[in-house]
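The values are calculated or read from the model by the stated rules, or taken from the named source; none is laboratory data. Nothing here was measured: the structure is a model prediction, and the numbers come from that model. Neighbour counts are summed over all protein chains in view; Cβ atoms, including those assigned to glycine, are modelled from backbone coordinates with ideal geometry. For the accessible areas, the whole protein counts, side chains as well, though only heavy atoms, and no ligand, DNA or RNA atoms are used. Shrake-Rupley method; radii C 1.70, N 1.55, O 1.52, S 1.80 Å.
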Amino acid sequence: MTASEPLRQWRALGLYSQVGAHRVFVREGGDVTRPVLLLLHGFPTASYDWHLLWPALAEHFHLVAPDLLGFGFSDKPRGHHYRITGQADLVEQVLREREIGRVHLLAHDLGDSVAQELLARHENRQFLGEDGLRLASVCFLNGGLFPEAHRPR
């Protein structure tokens, strides 16, 4: 097996979602009757960040791991203004497409900032009594928890 073989297998087991004009790679796995665990990767990597943890997590959860726009196997549109809010929109669309309304969330690095936006939206919807994505729990790994001061490069 070559060093790139696990990555090829990862890609072969994923699907693409159309979000607006962009194709977004999503790896999904585990028993669909289990709670959903949304995995948001760091910078400058992709959903493949989770490949070593995948088997253990899949024993307890149905896993959904998108490559954020501009990363991994997702589109990388030139001239696009990449924003945390746009990445959160993308994640919500991927989940809506799969009719997933409630998730546990595990985020790392850049994914922490996207997770914070999703958490703020969740709290706002709770306050207003609106429908939308519900977060059952959130776990932040290392990352920029202060988006106004965090400048990933």
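Between region 1-60 and region 79-99, what is the C-alpha centre distance in whole Å?
Using only Cα atoms to place each centre, the spacing works out to 16 Å.
Using a/c under 1.5 as the rounded threshold, could you call region 1-112 rounded, prolate or oblate? The axes a ≥ b ≥ c are square roots of the C-alpha gyration tensor eigenvalues, and prolate needs a/b larger than b/c, oblate otherwise.
Taking the square roots of the gyration eigenvalues as a ≥ b ≥ c, region 1-112 is oblate.
For region 72-85, take each phi angle, set θ = phi - 60°, evaluate the Karplus expression 6.51 cos²θ - 1.76 cosθ + 1.60, and give the result in whole Hz per residue in order, putting x for glycine and proline.
x, 8, 6, 4, 10, x, 5, x, 6, 8, 6, 9, 4, 4
Could you give the accessible area per residue of the chain, probe 1.4 Å, as a whole number in Å²?
56
Short version: ³J(HN,Hα) in whole Hz for each residue of region 109-116, in order, from phi by Karplus 6.51 cos²θ - 1.76 cosθ + 1.60 (θ = phi - 60°), x for Gly and Pro, what are they?
6, 4, x, 4, 5, 5, 4, 4
Can you work out ³J(HN,Hα) from phi for every residue in region 28-40, in order, using Karplus 6.51 cos²θ - 1.76 cosθ + 1.60 and θ = phi - 60°, giving whole Hz and x for Gly and Pro?
Result, ordered by residue: 9, x, x, 5, 5, 8, 8, x, 8, 10, 8, 10, 10 Hz.
What number do you get for region 30-89 when its Cα radius of gyration is normalised by 2.2 N^0.38 Å, N = residues?
Rounded to two decimals, the normalised Rg is 1.26.
Based on the mean of other beta carbon atoms within 10 Å per residue, what is the order of 37-44, 65-72, 100-107, 52-59, most packed first?
65-72, 37-44, 100-107, 52-59
Rank these residues by their accessible area, most exposed first, probe 1.4 Å: E130, E99.
Descending accessible area places them as E99, E130.
How many nm separate the modelled label positions at A21 and L128, each set 7 Å beyond the Cα in the direction of the Cβ?
Distance between label points: 2.7 nm.
Report the calculated FRET efficiency for K76 and E97 (r = Cβ-Cβ distance, R0 = 22 Å), to the nearest 0.05.
0.60
If I take every Cα pair under 8 Å that is 6 or more residues apart in region 58-145, average their sequence separation and divide by the length, what percent do I get for the relative contact order?
Rounded, it is 30 percent for region 58-145.
Relative to the present Cα-Cα distance, how much length would full extension add between A56 and A12 at 0.36 nm per residue of separation?
Full extension from A56 to A12 adds 13.8 nm.
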